[in-house]
Amino acid sequence: MNLSELAAFLKSRRARVRPHDVGLTAGPRRRVPGLRREEVAQLAGLSADYYTELERGRGAQPSDQTLAALSRALRLSRDERDHLFHLADRRIPPAAHGPAAHVEPGLLSLLDRLTTTPAMVITALHETLAQNALGAALVGAHPPVGAPAAAGPTTGFLYRWFTEPSSRDLYPPEDHSHHSAVFVSDLRAVAARHGRDAGIAGLVARLRRSSEEFTALWDTGDVGVRRADHKRIVHPTLGVIEVDCHSLFSEDGHQRLLWFTASPDSQGAARLELLPVVGRQDMSAAGEERAV
């Protein structure tokens, strides 16, 4: 690992990003041309001390998730992201899946501009890649970047929906059958579009072995792209919030931007307005990831 080159590259990229590029206020006393170190750390979900050590050419080799988070925080292009991984002596991750996947720049730019509505970017297999503050307040924050975690589709919400009962706490029990059917029909459409993707084929095979419910739904042959949906989300403080979930797909279909709205003057709209005030409590003591 080339610590000195890694440190220099991070510092140069940090100087290039302006606060307004990432939804921050510059303030009158800013003495640096770009972001402060603590701002990069905050955006990437890292401790300020850890990021400072990286920029000083010290510390342990950063994980794939940490490098991916820094790539997003610093708005790196795909080539820059790959260079960062090379400097850290890490293998370049797959383009589409896993917590280290590179978020499509267009989707990330739109996410930055969605400051008044919950939103997130996920992969086609429902792995959370990025989310705004209101998105985290509504459905829970994704796991802390850098925390030990397995990479790949089995970390995503779709897989855990069929293998971890606690993941279903996000929705009322009477809605579970609807979401199961929608997840499977959408996955069949994804598998057809990306038939040579080993990650998708492996996920389907693993779910067939792990879940009788998934197998039964998969064997129906039902297919349907999940472009929009009406949801009832269980919030631990605000109760059930009715929202409309919309999707914008990347050009290759591997990623999608989700954002949540509610009908004007509805109870759902009133509760969404309270999200910045009440924040988001974890659905479990472990702070388990929740996504949609």
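The values are calculated or read from the model by the stated rules, or taken from the named source; none is laboratory data. Fair warning: this is a prediction, and the values are worked out from it, not measured in the lab. A quick note on method: Cβ atoms are made from the backbone with ideal geometry, for glycine too, and the neighbour counts reach across all protein chains shown. Remember, those area values only see protein heavy atoms, side chains included, never the ligands or the DNA or RNA. Shrake-Rupley method; radii C 1.70, N 1.55, O 1.52, S 1.80 Å.
For this structure, a couple of remarks:
- Restricting attention to the stretch 228-253, the residues being open to solvent by 30 Å² or more (accessible area, probe 1.4 Å) and in contact with a Gly (Cβ under 7 Å, 6 or more places away or on another chain) number 1.
One line per residue, one yes/no per condition, for (1) within 25 Å of the chain's Cα centre (by Cα); (2) open to solvent by 70 Å² or more (accessible area, probe 1.4 Å):
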| position | (1), (2) |
| --- | --- |
| 22 | yes, no |
| 39 | yes, no |
| 42 | yes, yes |
| 45 | yes, no |
| 53 | no, no |
| 61 | yes, yes |
| 68 | yes, no |
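- Where a residue in the stretch 51-73 is on the phi > 0 side of the Ramachandran plot and touching a residue at least 40 places away in the same chain (Cβ under 8 Å) and its partner, wherever it lies, is open to solvent by less than 20 Å² (accessible area, probe 1.4 Å) and of a type in the set (A, V, I, L, M, F, W, C), with Cβ under 9 Å and at least six apart: 57/6; 57/7
- Within the stretch 194-209, the set of residues being surrounded by 13 or more Cβ atoms within 10 Å (Cβ to Cβ) and basic (Lys, Arg) comprises 206, 208.
- Residues in the stretch 162-187 that are in contact with a Leu (Cβ under 9 Å, 6 or more places away or on another chain) and either open to solvent by 50 Å² or more (accessible area, probe 1.4 Å) or over 19 Å from residue 227 (Cα atoms) (or both): 162, 163.
- The lone exception for residue 58 - which of (1) in a helix (DSSP H, G or I); (2) more than 30 Å from residue 203 (Cα to Cα); (3) at pLDDT 80 or above it fails: (1)
- Any hit, the stretch 139-154, residues being open to solvent by 60 Å² or more (accessible area, probe 1.4 Å) and modelled with pLDDT of 85 or more: no
- Identity of the residue in the stretch 156-209, free of Cβ contacts under 8 Å to residues at least 40 places away in the same chain and of a type in the set (S, T, N, Q), that ends up nearest to residue 254 (Cα to Cα): 180
- Subset tally (residues that are over 21 Å from residue 169 (Cα atoms), in contact with an Asp or Glu (Cβ under 6 Å, 6 or more places away or on another chain) and outside any loop (DSSP other than H, G, I, E, B)) for the stretch 237-275: 1
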